[in-house]
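See structure below.
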Amino acid sequence: MKLILLPGMDGTGLLFKPLLKFLDGLEAEVISLPSEGPQDYDSLSSAIAKRINQQDYVLLAESFSGGIVEALLQDKTQNIQHVIFVASFLSSPSRFRALLASFLPLRLLASIPLVSSFFIRFLLLGRGASAETVELFREALYQVDSKILRARLRYMASIKNSGNSFNSKATYI
């Protein structure tokens, strides 16, 4: 059975790099989020659904992708066998931080030595993020169009919990 990994806010999948080293031998695929078009969960889930083959699979949703999975689970044509949520959410964990980050020049902040690690941890990754994770995020940040990242952050600031609950297919980490 295939493992499909959906990335967080950056949408690149670069932050899965350390994990992929441990998945050697498993059939795993990282599906990046679309880098154009609407960035709401329904639009993103439609785009992702078109890229997934109609075989049985397990979804791993990191952070922002939790809401995409919620929308995918509503699509009964998908052959989702299990879902693994990693640091994921259905409502914004911090609407204020998401909105604030959407107005800040993140690439500029990421380029300032010492200061950048603080801002990246505080606004986006959490205080416990390792130096390696911060560096991978910084690398991913330069690969994402600023308009797309701002759109995702603003969308995240606007979402409220849908109230949907997941069935036994879900595993929370």
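Summary table below
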| read-out | value |
| --- | --- |
| Residues satisfying the stated conditions in the stretch 1-24, i.e. in a loop (DSSP other than H, G, I, E, B) and over 26 Å from S130 (Cα atoms) | M1 |
| Selection from the stretch 58-79 of residues that are more than 18 Å from the chain's Cα centre (by Cα) and at pLDDT 85 or above | Q74, N79 |
| Qualifying residue in the stretch 14-33 (condition: in contact (Cβ under 8 Å) with a residue 60 or more places away in the chain, of a type in the set (S, T, N, Q) and out of contact with any strand residue (DSSP E or B) (no Cβ under 7 Å at 6 or more places or on another chain)) | no |
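The values are calculated or read from the model by the stated rules, or taken from the named source; none is laboratory data. Please read all numbers here as calculations on a predicted model, not as lab measurements. Here Cβ is always computed from backbone atoms with ideal geometry, including for glycine, and neighbour counts include all displayed protein chains.
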